[in-house]
Structures are given as C-alpha cells and as structure tokens.
Amino acid sequence: MQTTSIVSRGTQNTKNYKHMTAEEVKALIRNVPDFPIKGIQFKDITTALDNPEGLKWMRDEIVKRYKDLGITQVVGIESRGFILAPAVAMEIGAGFVPIRKPGKLPAETVEVSYAKEYGTDVIQIHKDALNEKDVVLLHDDILATGGSMAAAIDLVRKLGVKKIYVNCLIELEGLPGRKILAEKGAEVDCLFGIEVDE
C-alpha cells in the first residue's frame with residue numbers, strides 16, 4: 001500500500017492526522033532566496049500550511065499556549081496573520097478582528113503609521129472592534145525587526161484593551177524584534193526560531 005510522507009502534502013482521511021514534532025513542522029517551511037528583493041531570505045510558510053498535519057500542529061500549538069489566558073479577541077495582521085488567527089479564535093472561544101491597510105475596512109477606523117526601511121506604512125482597525133474588557137492575542141506569521149507588530153500593539157492600545165499577548169509562527173533570530181516588543185511590555189511567544197540565513 002502506498003503511503004504519504006509526513007513532510008509532503010497529505011491525502012489521508014483528515015480524521016487520521018499523524019502526530020508531527022515541532023522539528024518536522026519546522027522542516028516544512030521553505031526558504032526562498034532573493035524574495036521579495038535581492039539579499040532577502042524569505043521564509044515561506046505555505047509549504048507548511050498545505051500539509052494537513054503541519055497546519056493542524058501549528059493551530060493546536062497556538063491554542064495550547066493561549067487557551068487558558070482569557071483571550072476574548074484574536075487580532076490578525078494583514079495578510080498572513082489572517083490565515084491561522086480565525087482558526088485559533090474558534091478553538092479558544094474568542095472572536096477574530098483584522099488589522100488592515102488603509103482603504104480596506106468599511107466603517108470608522110483608527111490608525112497608526114510606522115517607519116519602514118523605505119518610507120512609512122499605515123495600519124488600521126475598526127474603532128468599535130475592541131474595548132477595555134478585551135484580552136487580545138495579536139498574531140502574525142513572522143517576527144523580524146518588530147516594526148509592524150510594534151505598530152499593531154500601539155494601534156490596539158488606542159482602543160483601551162485590558163491586556164495584549166503577541167504570537168508569531170516564526171522568529172528570525174538575530175534581529176531586534178523581540179527586544180523592541182519587550183520594551184513595549186508585550187509578552188511574546190513564537191513557535192519556531194530560525195536564523196535569518198537558515
């Protein structure tokens with residue numbers, strides 16, 4: 001009988017998930033050199049997402065870490081933060097709130113601008129999406145220099161939330177993201193640590 005490797009796209013019944021280890025899931029993440037510009041080693045999570053066992057492991061691992069912390073809203077950052085955030089929210093009994101780029105949200109918003117290497121960027125959230133009773137889990141795919149996540153923390157704090165947790169799938173080790181977020185008082189947790197050039 002033909003079998004499917006746990007590091008390739010699964011075809012088995014979705015009720016019969018294999019139990020992958022963290023290292024096996026990490027090995028699914030693809031490195032793409034010179035994307036989006038020359039010199040960047042891009043960490044592509046799509047090769048972990050299209051593996052049913054890898055996808056389930058990531059969702060379940062985040063749920064395990066946050067299910068008992070009273071999270072009321074999981075806030076995903078555009079765009080890869082939208083992939084797992086709603087699934088995690090459903091599992092822990094929370095809502096999902098998107099942080100988006102300008103012009104994407106239909107109702108009244110609040111916004112934060114932040115510096116990037118080549119200029120500035122802006123992110124927005126609906127003004128009525130969160131309130132002082134909310135315990136928020138901010139989620140994105142990668143923590144690198146910390147600029148976008150730091151801006152997301154500032155944005156969510158504008159709405160007066162009770163507490164903020166931060167989760168990313170990957171932390172690029174050797175970059176200052178974690179330190180920058182710690183200076184903002186954020187509790188940061190990442191599923192995988194990967195060297196920038198790994």
With Cα atoms, 0 to 90° folded angle of helix 52-66 axis to the chain main axis: 40 degrees
How many nm is it between the label spots at D50 and Y114, if each spot is 7 Å from the Cα in line with the beta carbon? 3.0 nm
Contour excess over end-to-end distance, with Cα ends at T21 and K101 and 0.36 nm allotted per residue: 25.3 nm
Please figure out what share of the DSSP beta bridges in the chain is antiparallel and state it in percent, rounded to the nearest 5. 35 percent
Within the chain, which is the longest segment that contains none of the trypsin sites (Lys or Arg not before Pro) sitting in a DSSP loop with at most 16 other Cβ atoms within 10 Å? 68-103
Please express the Cα-Cα pair-distance distribution P(r) of the chain as a list of whole percents, one per 5 Å bin, running from 0 to the bin with the greatest distance. 1, 7, 15, 19, 20, 16, 11, 7, 3, 1, 0, 0
With respect to the cross-link table entries K18/K43; K43/K184; K38/K158, which display a Cα-Cα separation exceeding 30 Å? K38/K158
Based on the alpha-carbon set only, what is the convex hull volume of the stretch 91-178 divided per residue, in Å³? 106 Å³
Can you list which of the GluC sites (Glu not before Pro) found in the stretch 68-139 are DSSP loop residues with at most 14 other C-beta atoms within 10 Å? E108, E117, E132
Check cross-link reach from K101 to the lysines: straight Cα distance under 16 Å, and skip same-chain residues fewer than eight apart. K116, K127
Find how many whole Å separate the alpha carbon centroid of the stretch 79-108 from the alpha carbon centroid of the stretch 134-163. 12 Å
Comparing F96, F35, F82, which has the greatest mean-square fluctuation in the GNM of the chain with Cα pairs linked when under 10 Å apart? F35
Acute angle (nearest 10 degrees) that the helix 147-157 long axis makes with the longest principal axis of the chain, alpha-carbon atoms: 50 degrees
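Any read-out appearing in this document is the output of simple, stated calculations on the displayed coordinates, not a laboratory observation. Predicted model, so just to flag it, every value in this text is computed and none were measured. Counting neighbours? That spans all protein chains shown, and the Cβs are built from the backbone with ideal geometry, glycine included.
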